[in-house]
Each structure stands twice: as structure tokens, then as C-alpha cells.
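Chemist: Okay, handing you the structure first.
The values are calculated or read from the model by the stated rules, or taken from the named source; none is laboratory data. Quick caveat, the model's predicted, so the values are computed rather than measured. All Cβ positions, even for glycine, are placed from backbone atoms using ideal geometry, and neighbour counts span all protein chains on display.
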Amino acid sequence: MKIFYDVLVVGTGVAGLNTALNLEDSHSILVVSKDYAWECNTFYAQGGIAVPISDEDVFVHIKDTLEAGDGHCNPDAVEILCSEARQSIQGLIDKGFQFDCDEKGKLLYTREAAHSCSRILHAGGDATGRFLHLFMMKKLKSPILYNTQVTDLLISDGKCFGVRVSHGGSIFNIYAKNVVIASGGVGSLYEYHTNARTISADMHGICLSHSIPLIDMEMMQFHPTAFVQSSAVRKQLLSESLRGEGAKVVDKDGRRFLFDYDSRGELSARNIVSRAIFDYKQRTGKEVYLDLSGFESSHFRERFPSIYYNMKVMGYDLPNQKIPVSPAFHYAMGGIKTDLNCAVEGVENLFAVGEAANTGVHGANRLASNSLLEGLVFSDKVAKVLKKSQKYSHSDMLFCEKEDILMIEGDKLLKNELRSIMWKYAGIIRNGKELEKALIRVEDMLRLPIGKLLRLRLLTSREIIKSALNRKVSLGAHYIRGENG
Ligand SMILES: Cc1cc2nc3c(=O)[nH]c(=O)nc-3n(C[C@H](O)[C@H](O)[C@H](O)COP(=O)(O)OP(=O)(O)OC[C@H]3O[C@@H](n4cnc5c(N)ncnc54)[C@H](O)[C@@H]3O)c2cc1C
């Protein structure tokens, strides 16, 4: 049987859902999702969505984004992000999405690190991602094929014809005139991370296996404040807005040591805070805490209900108790190389959008809350391009339904070893010797008999390590201790 659509979207996060929502009245769409639709980073997003508060603020938002990106952003991509932000957000509001407002119905903005002003919209207090995801899912009319993992792209002669998927124990092809990769980042490659369990870099690995370039893969962002003392794979994030609204980072003696590293203290860019916490813990052996005592209890519960509840389940009474924190992997600035319309370089009919893609918008370091915005703005763009594209025409192109071996015994052990290698050697603080060591072990693993899914993880990990080795000087989120290793 040949299954075909005009557009096949890989992923049910903000980027994938918004692409589908924009196109479904004009095109036949299928969305595939590796797990339940909500098991994505969008669903777990807490803080909010950055948006310029006025026309004048567009320039300041651009400046803040470029500064956070440490001179490594593509200025054209940043201009698109910030100048089209208000339109994308208004589109969302017009469709009925409700951001948090005051009693008079005025939008409430909060502030996050490295933003010059309060320009972060939020919903449900600290449940912006969950509210946004639910809203988009309710609006979506197109079918979603759940528990469906893309295991390959159907590419021939520089054109993409669809995807191969694993679903319900069988492997088959789905054909489409255009494929949009909206598969998110790479979180599960790292031992400590804040990402959904579905985010394991398969699509990045698939791209590499077809010689599709990834770019800036050394640029991996670590969130400064996660609660890692739990057995859950996805570590509980403690949103940046906590610090934006007054939470302090202290050691066990109550000392605000961040000022030793940067005069902005808690409001420094997140790579600076992550590194400072990591370094301080290593040097002093002291535990580091988030001190929320400046918050009034009922206000805290109302403003941060998810964090309050999730930490209560783990035995913490907030804001009265300090929470031990550690940095954890959070966001991939690097990704599949695309142009400003999200077209993947070198392959026709293939697009990438959201965290999976790299337009250069985040440079070497993403400004907080710019990623949900990226998902919205750039999926609006990709949809505009696809609206004008041809529909599916019965192509003669048929690909074999190859039975790949996805997993074999022993993969899990190697997968956990890989996570530990990536955390220790390709993490927050890197050096040449350790990166070399990591590369040798990853190359060794690639030579072992392993399943395809582990191979894809290894290919992406190797790319991160190689990119880190190639960048000899620290930049943004990529930090080499004692330059040149
Ligand atoms: C805890 C947390 C808090 C955050 N808070 C904020 C915030 O406040 N503001 C902000 O701007 N950003 C925030 N971020 C970042 C932001 O949430 C993500 O960058 C953004 O949601 C990514 O959206 P996306 O659509 O690109 O990918 P995702 O939302 O991650 O969706 C990826 C989708 O792809 C699917 N998928 C992956 N691989 C395959 C495959 N092989 N086959 C089929 N499907 C596949 C997944 O199942 C999933 O449906 C946060 C991230 C986390 C983890």
C-alpha cells in the first residue's frame, strides 16, 4: 500500500503543530509523533515567549538576541525573529489563545536573564508550554499518527520523497511531496537534561547519514538551575523567571557567589550562570541552592503553580525551602542547516523548523524564551512557502520497505555510557584532551554491532564532539577550559 500526503510533518511540538495548522485548509497533512503528542519540549516549557513590547522594542530585542548569541548569530534570521514576533503572537491571540493578563485584561510581561526589559508573555503562570500545546492540539484537524518513529528519510537524487517509520512493530514508508522536520533537539544524549524523553536526536543522525549538513553543533545550552537529585530521566527545570523575579543563587552559607563571576549576578546570561555554578561546585565542593525566600507564599503558588506542585511531590515546600540546583543540558542552538525559509540545504522538498533546525537565529547562545517564538515565527514562514508549493502527484518513485534492525541487546548499556561521556566531556566545560578521548570511544562504539537507533545517537554525538574540537576558542555556550585544551 502506498500512503501519501502533500505535507508530512515530523513532530508535535510548537513548530510542527503550527506548520500543520497553517496549512491544513489547503493541503493534506499527516503529523507523526514518536510518542504521545504531548511528550515534547514544547509541553514542558515554563517561562514563556519573548516578544517585543512595542515597535521601538524590536530593535532592543534584536540587540539582546545578538548579544546573547555572542556575535555568532545570523543577523538576518534575528531580524526576522524579532520583527515578525508581534504578528505571530497577535495571530495566536486572535485565534483565541490566552496569555496571563492583569485584572484589567492587560497582558502581563515578565523578565528573564539577559533581556533589557520585561518582555516575556506567559500562560497558566509557569505552564506556558502546556497551555500552548493544548490550545494547538484542540485546533488541529489533521490526523496525528502516534507512537510513530521516523527511522529514515526517503531521499533520491537530491530530492526527498517521504519518510520511513516504525509503528506498532512494523516498518513502512509514508510518501509526501514535502517533509517538514520539527523533531526538536538532542536532550537525551546527555546524562542530565531537562528535555522530553522523545528528544534523542534521531532526525539529526538520519540527516548525517544522508550527508545533510548540521551546523553549530558545539553550541549546546545548559540551563543553570535544574533539580537533578531525582531518579527521573527528565530533570525538573526551575525556570529562569524565578531569578528574573528575585530568586537568589546561594551556597550553603547563603553567599551569593555569582557576583564573583559577573556583575549582573543572577541576571547574567544563562551560559555564564551555568558555568559559574558548575565551577563553584567543583572548586569548593559546596552545594548550591536556589533561595526563594523573597517570594510571598500565596503569590508564589499562583505565579509558579507547576514548579510549586512538582517540587512538593519531591518533598520540598516552596518558597520556604531552598532547592539544591545543578546545571543540566537544556537546548540545542546547533541543528540541521536551513535557509531563512527553513529549506534544508542540498535536498529539495525537505524543510526543518524549530529546535531541530539552525537558521543561525540563536548564534552561540540562545536568549531565554526565544525558542517558542522561533517555533512560531519560522513555522509561519515555512507554511507560507509550502502554501505555494505543488501538491502530491503520484510519483513512480517507490522505495523498498527495508527491515532495519532498530535495537539489539546491549544497546541500552552503551546508550547510558554515551550519555555519561557527553555530560562529562562534551558538556559545560570542555577541553581538547577529553574531547579527543570522547571521540575515540564514540568511534569505537560505531564499529560495534549495534541497532540503528543507537547508531543515530552516536552519529549526532560524534558531530557535537567534532564541532567542539574544531572550535579552539571559547564562544558563547562553547567553553574550553585553558584554550586549546
Ligand atoms: C523544561 C523546558 C522548559 C522550557 N521553557 C521554555 C520557555 O519558557 N520558553 C521558550 O521559548 N523555550 C523554552 N524551552 C525550549 C522550548 O520548549 C523548545 O525549544 C521548543 O518547545 C521546541 O519546539 P519544537 O517544536 O522544535 O520541538 P519539540 O516541542 O521538542 O517537539 C519535538 C517533536 O518531535 C517528535 N520527534 C522527535 N524525533 C522523532 C522521530 N524520530 N520520529 C517522530 N517524531 C519525532 C517528538 O516526539 C516531539 O513531538 C524549554 C524547554 C524545556 C525542555
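Chemist: Just give me the residues in region 88-106 being in a helix (DSSP H, G or I) and without any contact (Cβ under 8 Å) to a residue 12 or more places away in the chain, in sequence order.
Modeler: Initially, region 88-106 is screened for residues in a helix (DSSP H, G or I), giving 88-94.
Those that are in a helix (DSSP H, G or I) and without any contact (Cβ under 8 Å) to a residue 12 or more places away in the chain: Gln90, Ile93, Asp94.
Chemist: Follow-up question, since we're still on this one. Would you be able to tell me the number of residues in region 33-64 that are among the polar types (S, T, N, Q) and either over 29 Å from Cys101 (Cα atoms) or away from the ligand (no atom under 12 Å from the Cβ) (or both)?
Modeler: Just the residues of region 33-64 that are among the polar types (S, T, N, Q), to begin with: 33, 41-42, 46, 54.
If we keep only those that are either over 29 Å from Cys101 (Cα atoms) or away from the ligand (no atom under 12 Å from the Cβ) (or both) too, we end up with 33, 54.
Number of matching residues: 2.
Chemist: Hey, among the residues in region 256-281 that are of a type in the set (Lys, Arg) and surrounded by fewer than 16 Cβ atoms within 10 Å (Cβ to Cβ), which one's nearest to the chain's Cα centre (by Cα)? Before you say what the answer is, go through the steps one by one.
Modeler: In the first step, residues of region 256-281 are kept if they are of a type in the set (Lys, Arg); the result is 256, 264, 270, 275, 281.
With the extra rule that they be surrounded by fewer than 16 Cβ atoms within 10 Å (Cβ to Cβ), the set shrinks to 256, 264.
Values: Arg256: 29, Arg264: 26 Å.
Filtering first and then ranking leaves Arg264.
Chemist: Looking at Asp279, Asp291, Asp260, Asp253, can you tell me which residue is in contact with a helix residue (DSSP H, G or I) (Cβ under 9 Å, 6 or more places away or on another chain), of a type in the set (D, E, K, R) and more than 16 Å from the ligand (Cβ to nearest atom)? Break it down into steps so the answer makes sense when it comes.
Modeler: Values: Asp279 fails: in contact with a helix residue (DSSP H, G or I) (Cβ under 9 Å, 6 or more places away or on another chain); Asp291 fails: in contact with a helix residue (DSSP H, G or I) (Cβ under 9 Å, 6 or more places away or on another chain); Asp253 fails: in contact with a helix residue (DSSP H, G or I) (Cβ under 9 Å, 6 or more places away or on another chain).
On inspection, the qualifying residue turns out to be Asp260.
Chemist: May I pose another question? Looking at region 10-32 only, could you name the residues that are within 9 Å of the ligand (Cβ to nearest atom) and hydrophobic (A, V, I, L, M, F, W, C)?
Modeler: Val10, Val14, Ala15, Leu17, Val31, Val32, listed by residue number.
Chemist: Would a scan of region 204-227 turn up a residue that is in contact with a Ser or Thr (Cβ under 8 Å, 6 or more places away or on another chain), within 30 Å of Lys248 (Cα to Cα) and within 9 Å of the ligand (Cβ to nearest atom)?
Modeler: Checking region 204-227: at least one residue is in contact with a Ser or Thr (Cβ under 8 Å, 6 or more places away or on another chain), within 30 Å of Lys248 (Cα to Cα) and within 9 Å of the ligand (Cβ to nearest atom).
Residues are listed down the side, and each one gets a yes or a no for (1) free of Cβ contacts under 8 Å to residues at least 24 places away in the same chain; (2) over 20 Å from His362 (Cβ atoms); (3) not aromatic (Phe, Trp, Tyr):
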{"residue": "Cys207", "(1), (2), (3)": "no, no, yes"}
{"residue": "His223", "(1), (2), (3)": "no, no, yes"}
{"residue": "Ala232", "(1), (2), (3)": "yes, yes, yes"}
{"residue": "Val250", "(1), (2), (3)": "no, yes, yes"}
{"residue": "Glu266", "(1), (2), (3)": "no, yes, yes"}
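Chemist: What are the residues in region 317-332 that are in contact with a helix residue (DSSP H, G or I) (Cβ under 9 Å, 6 or more places away or on another chain) and more than 18 Å from Arg197 (Cβ to Cβ), if any?
Modeler: Asp317, Leu318, Pro319, Asn320, Gln321, Ile323, Val325, Ser326, Pro327, listed by residue number.
Chemist: Another one. Among the listed residues Arg275, Arg243, Arg283, which satisfies the condition of being in a helix (DSSP H, G or I), closer than 24 Å to Gly476 by Cβ, without any contact (Cβ under 8 Å) to a residue 60 or more places away in the chain and in the same structural domain as His299 (by TED's automatic domain parsing)?
Modeler: Details: Arg275 fails: without any contact (Cβ under 8 Å) to a residue 60 or more places away in the chain; Arg243 fails: without any contact (Cβ under 8 Å) to a residue 60 or more places away in the chain.
Testing whether each residue is in a helix (DSSP H, G or I), closer than 24 Å to Gly476 by Cβ, without any contact (Cβ under 8 Å) to a residue 60 or more places away in the chain and in the same structural domain as His299 (by TED's automatic domain parsing) leaves just Arg283.
Chemist: Looking at Thr225, Thr198, can you tell me which residue is crowded, with 21+ Cβ neighbours inside 10 Å, in a loop (DSSP other than H, G, I, E, B) and out of contact with any His (no Cβ under 7 Å at 6 or more places or on another chain)?
Modeler: Details: Thr225 fails: in a loop (DSSP other than H, G, I, E, B).
Just a single option satisfies the conditions, and that option is Thr198.
Conditions tested, residue by residue: (1) touching a residue at least 12 places away in the same chain (Cβ under 8 Å); (2) outside any strand (DSSP E or B); (3) closer than 23 Å to Val165 by Cα.
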position	(1), (2), (3)
Phe351	yes, no, yes
Gly360	yes, yes, no
Leu372	yes, yes, no
Leu376	yes, yes, no
Ala383	yes, yes, no
Cys400	no, yes, yes
Lys412	no, yes, yes
Ile421	yes, yes, no
Gly427	yes, yes, no
